[in-house]
Protein chains: 2
Amino acid sequence: MPQHKISPDSPIGIFDSGIGGLTVVKAVQACLPSERLIYFGDTARVPYGSKSQVTIRKYGREDTELLMKYQPKMIIVACNTVSALALDVVQQTSGEIPVIGVLKAGAELAVNQTRSGRIGIIGTRATIYSNAYACAINEIDRNIEVFSKACPLFVPLAEEGFIDHAATRLIAEEYLSELLSKQIDTLVLGCTHYPILRGMIESITGPGIRIIDSAEAVAGKARELLSAESMLNPGTKHAVPHLMVSDLPQKFRELYRLFMGTEMPDVELVEM
Amino acid sequence: MPQHKISPDSPIGIFDSGIGGLTVVKAVQACLPSERLIYFGDTARVPYGSKSQVTIRKYGREDTELLMKYQPKMIIVACNTVSALALDVVQQTSGEIPVIGVLKAGAELAVNQTRSGRIGIIGTRATIYSNAYACAINEIDRNIEVFSKACPLFVPLAEEGFIDHAATRLIAEEYLSELLSKQIDTLVLGCTHYPILRGMIESITGPGIRIIDSAEAVAGKARELLSAESMLNPGTKHAVPHLMVSDLPQKFRELYRLFMGTEMPDVELVEM
């Protein structure tokens with residue numbers, strides 16, 4: 001089990017299957033502006049959400065091993081699919097370093113927010129079929145009813161910039177219609193790409209349904225945990241995240257802008 | 001450079017980034033029913049078409065190394081992206097074994113079929129940005145005008161079974177409108193997934209445009225080449241292909257049916 005000395009100045013390691021996890025980087029930056037962030041996006045093997053549990057667990061272990069080289073004080077699993085299917089592998093690989101995943105953070109926030117006790121979850125096929133959100137929610141409150149729907153086309157539609165497109169609306173209406181018929185009052189965006197489509201999704205779900213963004217939930221949870229352990233970085237400087245990817249396709253710059261709303265900084269290419 | 005003894009009874013190795021290459025397996029089976037086929041689909045790292053040239057070349061080399069263990073008499077690159085960006089790597093890795101790719105075969109057939117000398121190409125982002133189809137076509141006839149369009153949403157739409165969906169029609173109309181304004185008379189389906197959407201595409205392009213399916217083109221070329229070298233398998237039995245994949249997701253069985261039109265046989269899982 002790897003061990004290293006950690007201090008408040010140690011970085012927070014964040015990883016995702018690709019660049020969707022940048023929504024988590026953005027949320028953590030907003031919430032903890034002094035923290036040093038190290039992000040890895042496995043762009044050479046993205047997506048994870050359509051792959052098998054065996055492969056997702058292997059990739060999760062390798063991604064964690066990469067981040068551990070930077071001696072982080074915490075690991076945030078920005079990938080819902082890894083959070084759902086391989087959080088134990090990440091925890092084993094990172095030893096005593098605390099690990100938090102978007103899934104549990106999103107589940108907790110959803111439980112706090114629902115009034116009717118009826119929660120909807122949307123995510124990739126792997127996340128939804130794992131039933132991990134329902135388990136995490138019912139572990140907190142077994143009386144809550146959870147309704148899930150895999151929305152596999154949302155990732156490519158978001159990445160292609162089909163944000164306000166009529167085709168996206170048709171597909172979103174189809175994906176969401178079943179959940180809407182269940183009288184949910186809370187809907188968890190269980191995939192880091194989905195916040196890009198939040199406007200479209202909200203226009204279909206309407207004002208009666210509260211949207212839970214797992215990225216914001218996990219950022220709040222990271223602050224809570226670091227604070228409780230007196231591990232918040234005391235610095236006041238706004239730190240620039242260290243970005244690593246396993247592939248740098250032509251489209252990366254454009255996607256960075258879409259997710260972060262700023263121009264792409266230097267990015268390190270690593271081989272997996 | 002790997003060397004091995006080949007005979008008419010040696011298998012034909014076929015690989016693709018995922019399962020789209022099964023359209024090539026199907027076409028080769030129809031055209032050469034006695035040949036032993038070994039297929040590898042890199043489902044753990046699919047898709048290639050949105051990744052960089054460096055990564056595509058690395059994957060292409062590794063895929064070829066895997067097939068070479070089976071001592072094939074020919075390698076067919078069923079992946080348009082690898083055909084466009086890494087055919088030289090495949091050739092280097094396979095030594096003196098003949099290598100044919102869907103791209104050149106599709107380009108040749110398109111040149112034979114066009115009357116107006118105006119050809120359209122659709123494919124993944126990596127294939128289209130490489131300009132490889134235009135180069136291959138203009139190497140045969142420099143007077144032909146080539147018009148290209150990347151259609152990145154076609155692969156996920158096909159895999160999700162959105163074959164006759166109104167959203168797919170909206171997206172297809174948008175993708176194809178520019179090509180249609182160029183008065184092409186021939187359109188190359190430059191991605192192995194696109195034959196699944198052929199009906200939809202034809203309903204938009206209309207009867208005046210000839211559709212070229214690269215899978216059929218490469219199967220015809222394989223027969224031509226094996227025949228010229230007296231390497232056709234003399235057997236008369238219909239051989240069952242040996243299928244290998246690097247990941248076996250839940251959805252695989254359903255996709256196999258979509259691509260092959262039959263139930264999935266045994267599949268070997270290999271680690272890449």
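The values are calculated or read from the model by the stated rules, or taken from the named source; none is laboratory data. Model, not experiment: these values are computed from the prediction. Every residue, glycine among them, receives a Cβ derived from its backbone with ideal geometry; neighbour counts consider all protein chains shown. Areas reflect the complete protein model, heavy atoms only, side chains present, ligands, DNA and RNA absent. Shrake-Rupley method; radii C 1.70, N 1.55, O 1.52, S 1.80 Å.
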Residues of type aspartates and glutamates that residue A:182 reaches as a straight line, Cα spacing below 15 Å, ignoring anything fewer than 8 places off in the same chain:
A:145, A:173, A:174
Counting other C-beta atoms within 10 Å, and keeping those with at most 13, which DSSP coil trypsin sites (Lys or Arg not before Pro) do you find in segment B:114-155?
B:115, B:142
Largest to smallest accessible area among B:204, A:140 [probe 1.4 Å]:
A:140, B:204
Accessible-area loss of at least 40 Å² (1.4 Å probe, chain alone to full protein assembly) applies in segment B:246-268 to B:247, B:250
Over chain A, with a Gaussian network built from C-alpha contacts below 10 Å, which listed residue (A:89, A:25, A:102) shows the highest mean-square fluctuation?
A:89
Other residues with Cβ under 12 Å from the Cβ of residue B:137 give, with Lys and Arg +1 and Asp and Glu -1, a net charge of -1
Tell me which residues come under 5 Å, amide H to amide H, from residue A:148 once H is placed; ignore anything under 5 positions away on its chain.
A:121
Mean separation of Cα contacts under 8 Å (at least 6 apart) over the residue count of chain A, i.e. the relative contact order in percent, is 27 percent
Which residues of segment A:157-191 end up with at least 30 Å² less accessible area in the presence of all protein chains than when their chain stands alone, using a 1.4 Å probe?
A:160, A:162, A:165, A:167, A:170, A:171, A:174
Under the rule that an exposed site lies in a DSSP loop and has at most 13 other Cβ atoms within 10 Å, name the longest stretch of chain B with no GluC sites (Glu not before Pro) of that kind, not counting the sites themselves.
B:97-228
Between residue B:210 and residues 5 or more places away or on another chain, which pairs have amide H atoms under 5 Å apart, with H built 1.01 Å from N, and which residues are they?
B:186, B:187
Exam field: residue A:139 pseudo-label spacings to other copies (7 Å along Cα-Cβ), nanometres:
5.6
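Do any trypsin sites (Lys or Arg not before Pro) in segment A:1-68 lie in a DSSP loop with no more than 10 other beta carbon atoms within 10 Å, and if so, which?
Sparse-neighbourhood loop trypsin sites (Lys or Arg not before Pro): A:5.
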The ³J(HN,Hα) series, computed from each phi in segment B:208-217 with the Karplus coefficients 6.51, -1.76 and 1.60 at θ = phi - 60°, rounded to the nearest Hz and given as x for glycine or proline, is x, 10, 7, 9, 9, 9, 4, 5, 5, 4
Rounded to the nearest 10 degrees, the helix A:53-68 long axis (Cα) sits at an angle to the longest Cα principal axis of chain A of 40 degrees
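Roughly speaking, to the nearest percent, how much of chain A's 1.4 Å accessible area is carbon and sulfur? Don't jump to the answer; show the numbers that get you there.
Working: 5370 of 10990 Å².
Heavy-atom surface of chain A belonging to carbon and sulfur, 1.4 Å probe: 49 percent.
Take A:193, A:4, B:242, A:238 and sort them by solvent-accessible surface of the protein heavy atoms, 1.4 Å probe, largest at the top. Write down the numbers at each step before the final one.
On the way: A:193 10, A:4 40, B:242 65, A:238 120 Å².
Result of the area sort, largest leading: A:238, B:242, A:4, A:193.
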How large is the accessible surface per residue of segment A:1-118, computed with a 1.4 Å probe and reported in Å² as a whole number?
33 Å²
Report, in whole Å, the centroid distance computed from the Cα atoms of segment B:72-97 and segment A:105-174.
42 Å
HN-Hα couplings for segment A:164-179 via Karplus (6.51, -1.76, 1.60; θ = phi - 60°), in whole Hz with x for Gly/Pro, come out as 10, 7, 4, 5, 5, 5, 4, 5, 5, 4, 5, 4, 8, 4, 5, 4
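Tell me the mean residue ellipticity at 222 nm calculated for the protein assembly as shown from its helices only (DSSP H runs of n ≥ 4, each -39500 (n - 2.57), averaged over every residue, nearest 500). Intermediate values should be presented prior to the final figure.
Values: 24 runs with 238 residues, N = 544.
So the helix-based figure for the protein assembly as shown works out to -13000 deg cm²/dmol.
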The aspartates and glutamates whose Cα lies under 18 Å from the Cα of residue A:69, excluding any fewer than 8 residues away in the same chain, are A:9, A:16, A:35, A:42, A:96, A:268, A:271
So for segment B:95-216, using the alpha carbon gyration tensor with a ≥ b ≥ c as root eigenvalues (a/c under 1.5 gives rounded; past that, a/b versus b/c decides prolate or oblate), I'd call it oblate
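Is the shape of segment A:179-250 rounded, prolate or oblate, going by the alpha carbon gyration tensor and its root eigenvalues a ≥ b ≥ c, with a/c under 1.5 for rounded and a/b larger than b/c for prolate? Mind showing how you got there, number by number?
Values: a/c = 3.05, a/b = 1.54, b/c = 1.98.
Oblate shape, in that a/c is at least 1.5 and b/c is the bigger or equal ratio.
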Read phi for every residue in segment A:150-160 and hand back ³J(HN,Hα) as whole Hz from Karplus 6.51 cos²θ - 1.76 cosθ + 1.60, θ = phi - 60°, with x for Gly and Pro.
6, 10, x, 7, 5, 5, x, 4, 5, 5, 7
Could you tell me which of rounded, prolate or oblate describes segment B:24-141, using a ≥ b ≥ c as the square roots of the eigenvalues of the alpha-carbon gyration tensor, with rounded for a/c under 1.5 and, failing that, prolate when a/b is larger than b/c and oblate otherwise?
oblate
Taking the alpha-carbon centroid of each part, what is the distance from segment A:1-50 to segment A:223-251 in angstrom?
7 Å
Counting protein heavy atoms only and a 1.4 angstrom probe, how many square angstrom of accessible surface do chains B and A bury in total, to the nearest 100?
2500 Å²
Arrange the residues B:79, B:31 by how much accessible surface each exposes, largest first, with a 1.4 angstrom probe.
B:31, B:79
Label points for residue B:54 built 7 Å along Cα→Cβ; distances to same position in the other copies, nm, shortest first, come to 3.1
